1. I'd like the full set of residues that are within 14 Å of chain A (Cβ to nearest Cβ) and modelled with pLDDT of 80 or more, limited to segment B:109-131.
2. Please specify each residue of segment A:50-103 satisfying the condition of being under 23 Å from B:GLY268 (Cβ atoms), buried (at least 21 other Cβ atoms within 10 Å of the Cβ) and small (Gly, Ala, Ser).
3. Cβ-Cβ below 6 Å, separation at least six or inter-chain, first residue in segment B:1-21 and aromatic (Phe, Trp, Tyr), second surrounded by 13 or more Cβ atoms within 10 Å (Cβ to Cβ): which pairs?
4. I need the full set of residues from segment B:1-57 which are within 30 Å of B:LYS398 (Cβ to Cβ) and either in a helix (DSSP H, G or I) or touching a Phe, Trp or Tyr at 6+ places or on another chain (Cβ under 8 Å) (or both), in order please.
5. Got a sec? Which strands (runs of 3 or more DSSP E) wholly within segment B:60-156 have at least 2 residues that are buried (at least 23 other Cβ atoms within 10 Å of the Cβ) and touching a helix residue (DSSP H, G or I) at 6+ places or on another chain (Cβ under 8 Å)?
6. Scan segment B:291-319 residue by residue and report those that are crowded, with 24+ Cβ neighbours inside 10 Å and either among the aliphatic types (A, V, I, L, M) or free of Cβ contacts under 8 Å to residues at least 12 places away in the same chain (or both).
7. Which numbered condition in (1) crowded, with 24+ Cβ neighbours inside 10 Å; (2) more than 13 Å from chain A (Cβ to nearest Cβ) is the only one that B:ARG322 fails?
8. Does A:ILE165 fit the bill of being aliphatic (A, V, I, L, M) and within 20 Å of the chain's Cα centre (by Cα)?
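The values are calculated or read from the model by the stated rules, or taken from the named source; none is laboratory data. Given the structure is predicted, the values throughout are model-derived calculations rather than measurements. Cβ placement follows ideal geometry from the backbone for every residue including glycine, while neighbour counts extend to all protein chains displayed.
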Amino acid sequence: MDKNTIFKNLETAVVDGDEDRVKENANEALKAKIDPLVVVEQGLSKGLAVVGDRFEKGEAYLPELMMAGDTFNAAMEILKPEMEAQKKEITKAGTVLVGTVKGDVHDIGKNIVATVLETHGFTVVDMGVDVPILNFVEQAEKANADVIALSSLMTNTMPEQRNVIETLKQRNVRDKYAVILGGGPVTADWANEIGADGYGQTAMDAVALVRKVMSQKK
Amino acid sequence: MLNFMDVYERSLDGPVISEKEFNMKVFVPTVRDVVKKYDIKLDTDNPVATDDAAADNLFHAGVELLSRVGLYCMDSNRIVRFTEEEIRKELAEASGECHVGEGKDARVYGMRVPDDPKRPWFHGGWSWICTSEEIATNQLEALASLPYADSLKIPVIKTLRGIPFSGGSPGEMYAAIRQIRIGREAAKRAGRPGMPIMNLVGQASAAVTTIGASAPQFGARPTDGWIVGIIAEMKTDYGMMNKVAYLLAWGANIGAESAPILGGWCGGPEGTAVVNVADIILGIVGYKSNYHLTFPIDSRLGCATTRGILAVVSAASQACSRNVRVPVNWLCYTAAGVNTRMYFHEAAAYLLTSVTGGTASVGIPHPAKGVKVDASTPMEAKFGIEVSRAAAKLNRDKARELVPKLVAKYESDLANAPEGETYQDCYDVETGKPHEDYVRLYDDVVDELTKMGIPFE
């Protein structure tokens with residue numbers, strides 16, 4: 001199979017969420033001794049970009065995003081050993097810790113943001129829901145996160161976002177991480193009030209915000 | 001008929017599955033399959049549906065979805081399954097009525113049907129818009145005094161004595177007790193001591209604070225109504241189930257609540273509509289609810305006035321009002337805020353859609369997506385009452401003519417909607433009267449909408 005066909009197959013497999021096809025073509029890519037970084041760039045990432053673009057236009061939704069992400073990761077499991085053997089790694093744009101705060105079990109918006117961030121080249125550590133404050137703080141340290149993204153879908157749980165920021169200050173690590181907020185009842189005013197680094201209403205706002213804080217870090 | 005203990009027991013011995021697998025391997029593929037099988041199609045160009053057969057078809061799709069997906073318990077990681085036979089039996093036995101309030105204020109909150117000339121029930125108040133402590137008491141009195149308000153909804157305060165509090169905390173407990181007490185007192189001062197409060201306990205996010213604040217000595221009565229959430233999508237946990245168990249033991253009214261998300265796991269408008277119907281049925285079957293509060297939401301814009309959501313509301317309200325015996329409140333969240341023309345256009349579009357679709361009740365369309373503190377006033381309540389009464393004089397065909405015209409006025413501004421003002425910006429806090437500019441805007445909008453064909457009284 002020629003490499004352009006492989007790239008196209010990988011791209012469409014990600015778009016279609018077809019893990020079998022993506023694994024088959026990832027193996028073909030290895031057989032053809034194509035640079036795995038090029039495989040990611042010319043094949044897999046293009047598929048993510050297509051789905052991401054469709055999502056922004058309202059033509060694709062969370063299931064398509066998640067399936068594309070899972071399919072991408074299925075291919076990466078096959079390519080990773082070769083990348084490690086060649087001492088190559090994908091340049092990631094940054095590491096973002098994402099989670100819904102304690103007392104809150106809503107996750108759909110958080111899932112959308114996490115997946116969209118991944119499709120835009122960020123490493124995402126998804127903490128899940130109902131996350132205690134110290135879990136955010138400790139995992140941020142372990143994951144060497146650049147950004148902590150806190151989601152709250154209820155007005156009653158928004159104070160937990162403030163509590164995370166206060167805890168980072170108390171531990172003298174506030175400056176190590178950018179903290180951004182999201183979620184239904186959250187506003188820019190609230191983000192300013194509690195000393196967050198930004199607020200995003202949509203998943204694309206989150207991408208723009210993370211890029212902005214990352215550029216300010218450099 | 002299923003007893004709630006049956007539901008609980010099934011949360012202990014239903015099939016085990018992770019939440020991710022439930023979402024991706026059960027929920028999503030089943031929604032897609034049901035949409036395809038029943039050929040569900042919504043017209044987002046003109047969101048108001050008029051086909052009774054399509055509405056009934058959507059209802060049957062909702063029944064099948066629930067029978068195949070079930071209710072996922074996040075605490076036990078098991079699916080609570082219901083057979084189609086069980087579901088249909090529960091629906092056949094549902095009363096369609098909710099008895100609320102006491103004394104002269106005792107009412108029957110019942111159903112409407114599409115094109116029903118009966119005015120919808122009106123819930124005076126807002127559930128999740130935060131109110132400052134300083135004006136909370138005055139606001140509650142104003143809400144309880146609203147003419148034509150059938151029930152009270154108590155706003156949420158953000159701080160207590162200036163101290164912010166988290167979900168499930170002692171601060172939340174005290175705040176919840178305080179709000180119920182003030183709400184009850186406000187109703188008395190408005191001369192309506194028996195007025196039911198139907199969004200208990202909006203101030204409380206946790207089961208412990210809900211149940212604690214609901215104790216009768218703080219003012220709550222079983223003839224009030226409690227909101228218990230179905231977690232998106234089609235999930236529950238023991239916190240929610242504890243609320244149900246407590247309320248059933250007390251004989252209190254249970255309002256299941258659902259907010260299917262367009263763009264989330266439901267996918268597009270068709271999937272969201274099927275899930276919306278399934279949720280309302282699930283409230284009866286799983287939570288033994290006798291009323292329902294629902295607010296499908298657009299995930300990208302966080303509001304309920306997009307074409308997609310209006311199409312969901314139109315289709316699902318008709319499917320349920322024709323086939324599911326439970327009074328439902330379809331609740332609107334506008335993008336634009338208080339004292340903006342756009343707010344009124346959005347609210348009118350939603351109310352025309354839901355009222356002609358057969359919604360049992362309406363509430364104050366929540367401005368600015370419900371997120372701006374102190375951003376709701378009695379003026380929006382007045383508008384909600386007046387438009388809903390006017391909409392009851394219309395039918396779906398007329399709504400189909402008017403709603404697209406209203407949507408065209410605001411949809412290009414949805415992504416950057418004006419945030420609007422607060423109560424303090426546009427009302428005299430001491431007298432409780434609106435400023436002149438807001439009255440002028442209101443009158444101008446009513447004039448505009450009357451000329452469009454909305455029959456204000």
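1. Answer for segment B:109-131, where residues must be within 14 Å of chain A (Cβ to nearest Cβ) and modelled with pLDDT of 80 or more: just B:TRP126.
2. Matches in segment A:50-103: A:GLY52, A:ALA60, A:ALA68, A:GLY69.
3. Final answer for the pair search is B:PHE4/B:LEU248; B:PHE4/B:LYS288.
4. B:VAL35, B:ASP52, B:ALA53, B:ALA54, B:ALA55, B:ASP56, B:ASN57
5. Answer list for segment B:60-156: B:71-73, B:121-125, B:151-153.
6. Hits for segment B:291-319 are B:LEU293, B:ILE297, B:ALA304, B:ILE309, B:LEU310, B:ALA311, B:VAL312, B:VAL313, B:ALA315, B:ALA316, B:ALA319.
7. Here B:ARG322 meets the rest and fails (1).
8. Values: aliphatic (A, V, I, L, M): yes; within 20 Å of the chain's Cα centre (by Cα): no.
Judged against the criteria, A:ILE165 is not a match.
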